[in-house]
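Enquirer: Mind looking over this structure? Questions follow.
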Amino acid sequence: MLLVVLATAAAACNRGSSATGAGSAGAARAIPVKTAPAERKDVEVWRLGLGSVAAFQQVTVRTLVDGRLDVVKFTEGQTVKAGDLLAIVDPQPYEAQLLQAEGALRRDSSQLDIARKQLDRNRNLRKENLVSDSTVEGFESQVGNLEGMVKIDQAQIKTARLNIDYAHIKSPTDGITGVRLVDAGNIVHAADQTGIVVITAIDPAAVFFTLPQDNLGEIVAAQDRAKAAHVDVPVEVWNRDMTKQLGKNGKLAVIDNQINQTTATVRLKAFVDNKEHELWPLAFVKARILVDTRKNALVVPVVAVQQGPDSQFVYVAEGDTAKMRRVKVALTTDTYAVIDETAKTGDEPLKVGAQIVIEGQSQLRPDAKIQSGNGAGSGAGKPDAATQPSGKAKKGRGSGAGPTASSAP
């Protein structure tokens, strides 16, 4: 019986000793993490809004003369240049008017020549007192009347030629023709409201988009800086899921002169190159405008920023120990968080090159033992889609276009 009791006590002691050893090993276990350095970069600040495409110019082509529409020279959906012949209204009535006016001009010009010669002869005779003053005045009146007739004939010739030119309907602008509104053979009138075809100019394209009124100040400031530097405020146009840039070389054209009180937004207009015709009138798009560039900003990977009960913080790898550093984030992109270096946090400020924990930080506590490895702080993808000026950091995936910040509508 005594032997059994002693064996049991020995086994219990062995189990206790094993548990104590395991606990000590667990307390000393290093947590594997990945790090990336704090850096200085130029960070572009963008503001993102929902918009729609509009035609740069849209013209309803109408006839300026009455008559039968003889020929339609365009096809629907055709790309045309300013001055291209689109249609012909029967020009024969106006050609006849031209011949009539030219004949009247020849007749009146001939009569004017005769009247001028008679006037010259009677003026000479008047000097010799062979004719009266009233006779000379009569010839002067006749010459003046015929000079007026000649001018009327010249105006009628010009009008007839103009009508012949108007009968050949030409495109007033570069663009794309729409659906044909009148078929050949119909009688058309200058007073018709429907027109013959609508031509839409889409290169460049106009894009209207809205942003919150709170962004107005920085947009105006960006416009003022651009004017002072004789450059344009850049605007980019993307498809709705931000996977493809549709317009190139966009520039801000107009800031609307009033705020929409219903939505508390301001309306902006931009012009965008559209040589590939990827932007079509009335299509919905997303547009973003560059309002600022933070020069030489201190940035850390956005995934590193954690939210504590009273502040934001990151873990910094110092040797094999994780140190907590409280920070204030000025703004975030999909890739980076820009650190506000003027903020007072009570902790040691971050320095360039500090190794910031970007993976495994959820398992850490201050002064935890770590086993670190290098990690990438950015990745490829679509342009940044959100900006947070302060508060909780946005966690996201990076952009291959470099550090930018933009705000969602």
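The values are calculated or read from the model by the stated rules, or taken from the named source; none is laboratory data. Source: prediction; values computed, not measured. Glycine gets a Cβ as well: all are built from the backbone with ideal geometry, and neighbour counts include every protein chain shown.
Yes/no matrix, rows are residues, columns are (1) among the aromatic types (Phe, Trp, Tyr); (2) in contact with a Ser or Thr (Cβ under 8 Å, 6 or more places away or on another chain); (3) within 30 Å of LEU279 (Cβ to Cβ):
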position: PHE139; (1), (2), (3): yes, no, no
position: GLU147; (1), (2), (3): no, no, no
position: VAL150; (1), (2), (3): no, yes, no
position: THR173; (1), (2), (3): no, no, yes
position: THR177; (1), (2), (3): no, yes, yes
position: HIS189; (1), (2), (3): no, yes, no
position: GLN193; (1), (2), (3): no, no, yes
position: ALA206; (1), (2), (3): no, no, yes
position: GLN213; (1), (2), (3): no, yes, yes
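Enquirer: For the subset of region 202-250 comprising residues that are in a strand (DSSP E or B) and surrounded by fewer than 21 Cβ atoms within 10 Å (Cβ to Cβ), which member is modelled with the lowest pLDDT?
Expert: First pass over region 202-250, keeping only residues in a strand (DSSP E or B): 205-212, 234-238, 245-250.
With the extra rule that they be surrounded by fewer than 21 Cβ atoms within 10 Å (Cβ to Cβ), the set shrinks to 208, 210, 212, 234, 238, 245, 248-249.
Details: PHE208: 96, THR210: 95, PRO212: 94, PRO234: 94, TRP238: 93, GLN245: 92, LYS248: 81, ASN249: 88.
Within region 202-250, the match that is modelled with the lowest pLDDT is LYS248.
Each row is one residue, and each column tells you yes or no for (1) in a helix (DSSP H, G or I); (2) of a type outside the set (A, V, I, L, M); (3) farther than 30 Å from ILE187 by Cα.
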| site | (1), (2), (3) |
| --- | --- |
| GLY103 | yes, yes, no |
| SER110 | yes, yes, yes |
| SER134 | yes, yes, yes |
| LEU146 | yes, no, yes |
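Enquirer: For residues in region 278-307 being β-branched (Val, Ile, Thr) and out of contact with any Leu (no Cβ under 9 Å at 6 or more places or on another chain), which is farthest from GLY77 (Cα to Cα)?
Expert: VAL305
Enquirer: May I pose another question? With the requirement that a residue be over 18 Å from VAL33 (Cα atoms) and either polar (S, T, N, Q) or surrounded by 21 or more Cβ atoms within 10 Å (Cβ to Cβ) (or both), what does region 298-332 give you? Let's see the steps before the verdict.
Expert: Within region 298-332, the first condition is being over 18 Å from VAL33 (Cα atoms), and the residues that meet it are 298-299, 307-312, 326-332.
Answer for region 298-332, where residues must be over 18 Å from VAL33 (Cα atoms) and either polar (S, T, N, Q) or surrounded by 21 or more Cβ atoms within 10 Å (Cβ to Cβ) (or both): LEU298, VAL299, GLN307, SER311, GLN312, VAL327, VAL329, ALA330, LEU331, THR332.
Enquirer: On to the next question. Condition first: closer than 30 Å to VAL235 by Cβ and not hydrophobic (A, V, I, L, M, F, W, C). Can you find one or more residues in region 366-378 that meet it?
Expert: Yes, there is a match, as at least one residue in region 366-378 is closer than 30 Å to VAL235 by Cβ and not hydrophobic (A, V, I, L, M, F, W, C).
Enquirer: Say whether the condition of being outside any strand (DSSP E or B), under 57 Å from the mean Cα position of the chain (by Cα) and free of Cβ contacts under 8 Å to residues at least 40 places away in the same chain is met by at least one residue in region 174-182.
Expert: yes
Enquirer: Out of all the residues in region 64-82, which are in a loop (DSSP other than H, G, I, E, B) and of a type outside the set (A, V, I, L, M)?
Expert: Result: ASP66, LYS73, PHE74, THR75, GLU76, GLY77, GLN78, LYS81.
Condition check ((1) more than 30 Å from PRO172 (Cβ to Cβ); (2) loosely packed, with under 12 Cβ neighbours inside 10 Å; (3) touching a residue at least 12 places away in the same chain (Cβ under 8 Å)) across all residues:
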{"position": "PHE74", "(1), (2), (3)": "no, no, yes"}
{"position": "ALA101", "(1), (2), (3)": "no, no, yes"}
{"position": "SER109", "(1), (2), (3)": "yes, no, yes"}
{"position": "ASP133", "(1), (2), (3)": "yes, yes, no"}
{"position": "GLU140", "(1), (2), (3)": "yes, no, yes"}
{"position": "VAL143", "(1), (2), (3)": "yes, no, yes"}
{"position": "LEU146", "(1), (2), (3)": "yes, no, yes"}
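Enquirer: In region 297-351, what residues are over 23 Å from ALA30 (Cα atoms), charged (D, E, K, R) and touching a residue at least 60 places away in the same chain (Cβ under 8 Å)?
Expert: LYS328, ASP334, LYS351
Enquirer: With the checklist (1) over 20 Å from ARG40 (Cα atoms); (2) crowded, with 20+ Cβ neighbours inside 10 Å; (3) modelled with pLDDT under 85 in hand, flag the one item ILE370 doesn't pass.
Expert: Status for ILE370: all satisfied but (3).
Enquirer: Still on this structure, please answer the following. Name, by its number, the condition in (1) farther than 30 Å from ASP90 by Cβ; (2) in contact (Cβ under 8 Å) with a residue 24 or more places away in the chain that does not hold for ASP192.
Expert: Going through (1) farther than 30 Å from ASP90 by Cβ; (2) in contact (Cβ under 8 Å) with a residue 24 or more places away in the chain one by one, ASP192 breaks only (1).
Enquirer: Which of the residues spanning region 32-72 are surrounded by 17 or more Cβ atoms within 10 Å (Cβ to Cβ), among the polar types (S, T, N, Q) and more than 30 Å from SER362 (Cβ to Cβ)?
Expert: THR63
Let's see how each residue does on (1) assigned to a helix (DSSP H, G or I); (2) touching a helix residue (DSSP H, G or I) at 6+ places or on another chain (Cβ under 6 Å); (3) at pLDDT 90 or above:
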site	(1), (2), (3)
ILE114	yes, no, yes
GLU137	yes, no, no
GLN156	yes, yes, yes
LEU162	yes, no, yes
PRO172	no, no, yes
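Enquirer: Go through region 242-256 and give me each residue that's of a type in the set (D, E, K, R) and touching a residue at least 60 places away in the same chain (Cβ under 8 Å).
Expert: Correct list: empty.
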